[in-house]
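The values are calculated or read from the model by the stated rules, or taken from the named source; none is laboratory data. Quick caveat: nothing in here was measured; it's all calculated off a predicted structure. All Cβ positions, even for glycine, are placed from backbone atoms using ideal geometry, and neighbour counts span all protein chains on display. Surface areas here come from the heavy atoms of the whole protein model, side chains and all, with no ligands, DNA or RNA. Shrake-Rupley method; radii C 1.70, N 1.55, O 1.52, S 1.80 Å.
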Amino acid sequence: MSTEKVSIESIAPVRVDLAGGTVDIWPLYLLLNQPKTINFGISLFAKTTIEAQPSSSPQVKLESLDQKKSSTFTWAQIMDEHFDGIPELTLLVRLLRYFSKQHPNPGSLNFTLKTEAKSPSGAGLGGSSALAISIIGALWKWTHPREQLDLDVDGEFLISLVRDVESQVLYGPAGLQDYYGAAFGGLQVLSWKIAKNERTSLPLSTLKELEARTLLFYSGKSRNSGINNWQLFKGLIDKNPDVEHKFRSICEATRDLEAALLKQDFHAVVKAVQKEWDTRKTLAPGISTSDMDQAHARAKKVCDIAFKVCGAGGGGCFFILLPEKNEQLKESVKKAVLESAEIQLLPFEAVPHGLTIK
C-alpha cells in the first residue's frame, strides 16, 4: 500500500422503510414467522471524504460538517483502545482505529476525514447508519487502494462490522435494514433468517413507479428511535400477547406488500402499507404525533392514500403513497399536508445503487 497523497469520496443513500421496520433487530426476527423488511434508497446521501498525505508532523483531523463538530488528534490517541474523543465523533474514532490496523504506516500521515449528511437530524431515514456505511466505504478504500469493493462479496462483513461498532457507540441493539439500504440502495426485500439474511432486489421499473407515487415530508421534529425500539423490544421478549399479535400483523402486511410490488399492483401496495402503519402506530405511545395525524387526515380528504411514519417514529419524516401516478392529485395532497407551517416537503429521487466510492 502506498503512502502517496490520496483523496477519497464515499457516498451512501438513506432509505424509506415501506414496511417491516423493527423486526430487523436481532434477536427479534428469530422470534417471528417469516419476518421481512422492505425499503428503498433515496438521494439524500451521506458523504465521507478522506485526504491523506505523508507529513513530518502527522495528525488526524475528524470533522462532522452537519453537526459542526471538529477535533484534531494524534495517531497515538486514535490507536489507544480506551480513547473515544468527543461523543459526536466516537463512531469515526472507532472505525478509523479498526482500519488503521490494516494500513502499513498510518502514523506517518496527515489524515483528514470529513462527514456530511443531507437528511435532517432525527429524520427516521437511517441517516446515521448511511453515514456509517459511507465512512466504512472510504476507510476500506484507504486501506485497499488498488482494489474495487465488491459488495456482493464483502458487503455482509462490512455491515456486520459497522452494526457492531455502532451498537457499542449507541449502547444498544442496532437494526439491520438501514445498513442494507445504504450499502445496496434500490428497492429491496430483506428476509431475516437464522445465521444469514437474504436480500432480493426488485426491478428498477417498480422502483420508478414507486418514486412517482411517493411524497416525503419532514415533520419539523426529531425522533428518538431508542425509546420506541426499546419498548417494542422488551414487549416481544416478555411475550406480551398484544405485542406478539401486532408484530405478526406487521409481518403479514409486509408479505402482502412484497406480493403487491411483484405484481406492480399499486392499489394493493397502498393497502398493504396502510395496514402495516395502522398496526405499527398502536405498538407504543408517541410513535405518531398530533401534527402527523392531522397531516394524514388532511391528505385522506383529497384521495385514497397510504400514510406511514419513517423509522421508529416519535417525530422525523413521514411519507404518503398514492395508488395512481397522477401529478394533479399528488400536488393536491402536497398542498393539503403543507398547511402546517412546521412540515417541510423533502424532494428526492429513488436511487438504484448503494455505496459508491470515488
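Here are a few things to note about the model shown:
- Checking A306, A350, A295 one by one, the residue that is modelled with pLDDT of 95 or more, touching an Asp or Glu at 6+ places or on another chain (Cβ under 7 Å) and within 25 Å of T22 (Cα to Cα) is A350 and no other.
- Among the residues listed as E4, E51, E63, the single one being outside any strand (DSSP E or B) and closer than 23 Å to Q102 by Cβ: E4
- Positions within segment 17-31 being assigned to a strand (DSSP E or B) and either open to solvent by 20 Å² or more (accessible area, probe 1.4 Å) or at pLDDT below 95 (or both), in sequence order: I25
- Test: residue in segment 32-47 that is more than 30 Å from C251 (Cβ to Cβ), in contact with a Ser or Thr (Cβ under 7 Å, 6 or more places away or on another chain) and buried (at least 16 other Cβ atoms within 10 Å of the Cβ): yes
- Of all residues in segment 306-320, those satisfying the criterion of being open to solvent by 10 Å² or more (accessible area, probe 1.4 Å) and either more than 14 Å from the chain's Cα centre (by Cα) or on the phi < 0 side of the Ramachandran plot (or both) are A312, G314.
- Looking only at segment 259-304, and only at residues there that are in a helix (DSSP H, G or I) and polar (S, T, N, Q), the one that is surrounded by the fewest Cβ atoms within 10 Å (Cβ to Cβ): S290
- Subset of segment 83-117 [open to solvent by 10 Å² or more (accessible area, probe 1.4 Å) and part of a strand (DSSP E or B)]: N110, T112, K114, E116, A117
- The one condition in (1) aromatic (F, W, Y); (2) in a helix (DSSP H, G or I); (3) closer than 30 Å to L216 by Cα that F40 fails to fulfil: (2)
- For segment 180-205, the set of residues classified as in contact with a Leu (Cβ under 8 Å, 6 or more places away or on another chain), surrounded by 21 or more Cβ atoms within 10 Å (Cβ to Cβ) and outside any loop (DSSP other than H, G, I, E, B) consists of Y180, A182, A183, F184, L187, Q188, V189, L190, W192, listed by residue number.
- Count of residues meeting criterion [under 17 Å from I8 (Cα atoms) and either among the basic types (K, R) or touching a helix residue (DSSP H, G or I) at 6+ places or on another chain (Cβ under 6 Å) (or both)] in segment 344-358: 4
- Cross-chain or 6+ apart pairs with Cβ under 8 Å, segment 147-173 first and within 18 Å of D84 (Cβ to Cβ) and open to solvent by 70 Å² or more (accessible area, probe 1.4 Å), then part of a helix (DSSP H, G or I) and at pLDDT below 95: L170/G226
- Residues of segment 218-258 that turn out to be hydrophobic (A, V, I, L, M, F, W, C), within 18 Å of G124 (Cβ to Cβ) and either touching a Leu at 6+ places or on another chain (Cβ under 6 Å) or open to solvent by 60 Å² or more (accessible area, probe 1.4 Å) (or both), as a count: 3
- Checking V243, V165 one by one, the residue that is farther than 25 Å from Q274 by Cα and not in a loop (DSSP other than H, G, I, E, B) is V165 and no other.
- Whether a residue is touching a Leu at 6+ places or on another chain (Cβ under 8 Å) and open to solvent by less than 10 Å² (accessible area, probe 1.4 Å) was assessed, and F348 does not pass this test.
Residues are listed down the side, and each one gets a yes or a no for (1) charged (D, E, K, R); (2) under 18 Å from G21 (Cα atoms):
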site	(1), (2)
E156	yes, no
I159	no, yes
V162	no, no
V165	no, no
G175	no, yes
Y180	no, yes
Q188	no, yes
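- Residue pairs whose Cβ atoms lie under 6 Å apart, separated by 6 or more positions or on different chains, with the first residue in segment 296-317 and farther than 14 Å from W277 by Cα and the second open to solvent by 50 Å² or more (accessible area, probe 1.4 Å) and modelled with pLDDT under 95, are G315/K221; G315/S222; G315/R223; G316/R223.
- Pick from segment 309-327, criterion out of contact with any strand residue (DSSP E or B) (no Cβ under 7 Å at 6 or more places or on another chain) and aliphatic (A, V, I, L, M), ranking: modelled with the lowest pLDDT: A312
- Within the option set D80, D84, being more than 26 Å from the chain's Cα centre (by Cα), closer than 20 Å to S167 by Cα and without any contact (Cβ under 8 Å) to a residue 24 or more places away in the chain holds for one residue only, D80.
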